[in-house]
Amino acid sequence: MGKEIEKLWKSEDYWAIWFAAAIFGGIITGLITMVPKVKRWTDNPFEAFPGDLGLWIVVMGIGIGILLTIGVSIMKEDWKKFLGGYLVVYALAVISYVAAGQSTVKAWGLGYAIWGLSFGLLIANTVGTPKWILKGARSEMFIKTGLVLLGGEILFSEILKLGMPGLLVAWFVTPTVIIFMWLYGTRWLKMASKPLTIIIAAATSVCGVSAAIAVAAACRAKKSELTLGVGMTMIFTVLMMIGMPPLCKLVGMSPAVAGGWLGGTIDSTGAVVAAGAFLGPVAEKVAAVVKMIQNVLIGLVAFLVAVYWITKVDRDPNAPRPSLLEIWYRFPKFILGFAAASLIFSFMLMPAMGHEEVSGVLKLSGIFRGWFFCLAFVSIGLESNFKELASQVVGGKPIILYVVGQSFNLILTLLMSWIAFGGILFPVFSG
Amino acid sequence: MRERIHRWFRLVLGLVFLVAFIMVLHCMSGRIPGSTGMLITRNQNEDLEVYAYVYSEIGDLEEFLDDENGKYGKTALHQYLKNY
C-alpha cells in the first residue's frame, strides 16, 4: 500500500494527472487567460506568427517546460537533461504546427500529428536522434497529460442534448466495429501484434488519431505500432474526405442520411465537417454532431481496453484470475484522470460555472491538449526507426485489417444512418 | 566523416522534400477540377474543426433544420465563430 501511495509522486501516470490539473487550475482561476496557437498561413510562413504571437509561443514553451521539469525532478530523474531535450522537441513541435497551418495543407487534413511524426522520423533516420534530445522526448508523459486534458472536453451532460438519431448511429456502430475488427484481426488474420490490432480497430471506429493515442496508451503499445496506426488512419481519412461526398451526391442520398454516414465513418473531426459541408448545411451539421457523439466514446473504449488487457491479454493463461486489487495496481492511472476530468467538468463545473464559462476553459485547455499531442508525435518520431515500422507492415495484414474493417464500418453506418435519419425510426430530416 | 556527411545530406534532402511537398500541394490546389477542388478550396478558408464543437454545443439535431436565417443559421454561426 505504501508503494502505491509513493507512486502518487513517483509515477508518470499520476504526474500526467497533476500536470493536467495544474493547467485546468491555472485556467479556471484566471492565471492563464490566453494560450497561443500558430495561425493559418498561405504564402509566407511568418504569417503564422502575427504580432507578438511568436514571443507568446516561446513563453508557453518555457512555461510547459518548467511545469514538466518540476514533475521530472520530483520523480528523481535528471531534470537538466530533460529540459535540454524538451526545448528541442518543443521547437520541432512549433515547426510541425507551422507546416500543418499552411492553408492548403490544412485543407487536405494533414494535421500536426503527421508533421510531428515526419520531422521526428526524418531526424531519427538520417543523422540519428542525439541521446540528450531523447531525454526530453517523453512521448508517454506528453500523451497521458494530453489525454487527461482531453477528458475535460468529454461532457456527459451535453450528450443527451444531441438527440437520439445521432446516438443510435454513433453508439451502435462503434462498439460493433471494434469487436468485429478485433475478432477479424486476432482470429482470422492472426495478426502478430494485438496492440496494433486494437489501435487500428479503435482508430477506424471511434475518431482516428485521438482514439489511437488513448488505446495505445491503455494497452501499452509500442511506439511503432501507434505510428503505423496513426499514419494509415490519416492517409485513408484524406481519401474518404474527398471520395465520399461526391459518391453521396451521385447516388442522390438525402443530406441527413449522408451526414450521418460521413460523421460515423470518416476518422478526423475536421475532415468530417469538410466532407459534410460539401453536401450542404444539414449534412454538415448532422455529420459534425454524429462525430462529436462518437468522440465521447474515447474514454470508455480506453478504459475497457485497459481492463481487457490486464485481465485477458497480458494474463498468464495458467495463472488465476487477477484480483480487483491487482487490476487496480496494473491499471493505467491516467485513464482514471481522464474519467475524473470528464465527470468533474460534466457534473460539477458545468452546473457551477455555466455553459459559457466552461466552454471558455475548454477552449484554452483544448489548445494545450493539441500542444501535448504534438510534442508526443515529435517524440515518437524521434524514437522510431523505419526498420521497426517496416517490420510491422510485413505481409500487409494491418492494411488488410484496416480496409476490411473500414468497409464493414461503411456498410453498417450507412444502414444505421438510413434507419436513424431516413425516416424509419425517427421523423425524416428534410433539410 | 563521409558517412556523417551522407547522413546530413539525407536530412537536408528530406527537409527539401517536405517543403517541396507543401509547395506542390499549394500550387496545384487552385487547379484541381471537380468536387475535390471545391472541397479543398472551401477548407482553405474555414477552420472546420471549430464548427464541429460549435454544432455540438448547439444541441438537439432537430434545431439544425432551422437553417440559414434561424437561431443557429449561418449568420449566427459566423458571429459565434468570431468569438471562438
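Grab the helices (runs of 4 or more DSSP H) fully contained in segment A:88-173, keeping just those with 1 or more residues being within 18 Å of A:Phe372 (Cα to Cα) and at the interface with another protein chain (Cβ under 9 Å from one of its Cβ atoms). Step through it out loud before you land on a result.
On the way: elements: A:103-107, A:112-124, A:131-134, A:139-153, A:156-159.
It comes to A:112-124, A:139-153.
Within segment A:371-397, take every residue that is under 14 Å from A:Ile133 (Cα atoms) and surrounded by 24 or more Cβ atoms within 10 Å (Cβ to Cβ) and give me the one that is nearest to the chain's Cα centre (by Cα).
Within segment A:371-397, the match that is nearest to the chain's Cα centre (by Cα) is A:Ala376.
Within the set of pairs 6 or more residues apart or between chains, which connect a residue that is within 25 Å of A:Ala137 (Cα to Cα) inside segment A:384-399 to a residue that is β-branched (Val, Ile, Thr) with Cβ atoms less than 6 Å apart?
Short answer, once both residue conditions are applied: A:Ser384/A:Thr227.
Which residues, taken from segment A:9-67, are basic (Lys, Arg) and assigned to a helix (DSSP H, G or I)?
Scanning segment A:9-67 gives a single hit, A:Lys10.
For segment A:273-335, please list each of the helices (runs of 4 or more DSSP H) lying entirely inside it that holds at least 1 residues being within 29 Å of B:Ile40 (Cβ to Cβ) and modelled with pLDDT of 80 or more.
Passing ranges, in order: A:281-295, A:297-308.
So A:Ser224 clears everything in (1) crowded, with 24+ Cβ neighbours inside 10 Å; (2) more than 14 Å from chain B (Cβ to nearest Cβ); (3) modelled with pLDDT under 90 except one condition, right? Which one?
The number of the failed condition is (1).
When A:Ile235 is evaluated against the numbered criteria (1) at pLDDT 90 or above; (2) surrounded by fewer than 24 Cβ atoms within 10 Å (Cβ to Cβ), which criterion, by number, is the only one it fails?
Result: A:Ile235 fails condition (1) only.
Assess whether A:Ser210 counts as being among the polar types (S, T, N, Q) and away from chain B (no Cβ under 14 Å).
So A:Ser210 fails the test.
This table checks each residue for (1) part of a helix (DSSP H, G or I); (2) modelled with pLDDT of 90 or more; (3) surrounded by 13 or more Cβ atoms within 10 Å (Cβ to Cβ); (4) within 9 Å of chain A (Cβ to nearest Cβ).
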| site | (1), (2), (3), (4) |
| --- | --- |
| B:Glu3 | yes, no, no, no |
| B:Arg10 | yes, yes, yes, yes |
| B:Ile22 | yes, yes, yes, yes |
| B:Glu49 | yes, no, yes, yes |
| B:Ala52 | yes, no, yes, yes |
| B:Asn69 | no, no, no, no |
| B:Thr75 | yes, no, no, no |
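When you look at A:Leu262, is it at pLDDT 90 or above, out of contact with any Gly (no Cβ under 8 Å at 6 or more places or on another chain) and either under 28 Å from A:Leu196 (Cα atoms) or within 14 Å of chain B (Cβ to nearest Cβ) (or both), yes or no?
no
The values are calculated or read from the model by the stated rules, or taken from the named source; none is laboratory data. This structure is a prediction, so every number in the text was calculated from the model and none was measured. Reconstructed Cβ throughout: ideal geometry from the backbone, glycine too, with neighbour counts over all protein chains shown.
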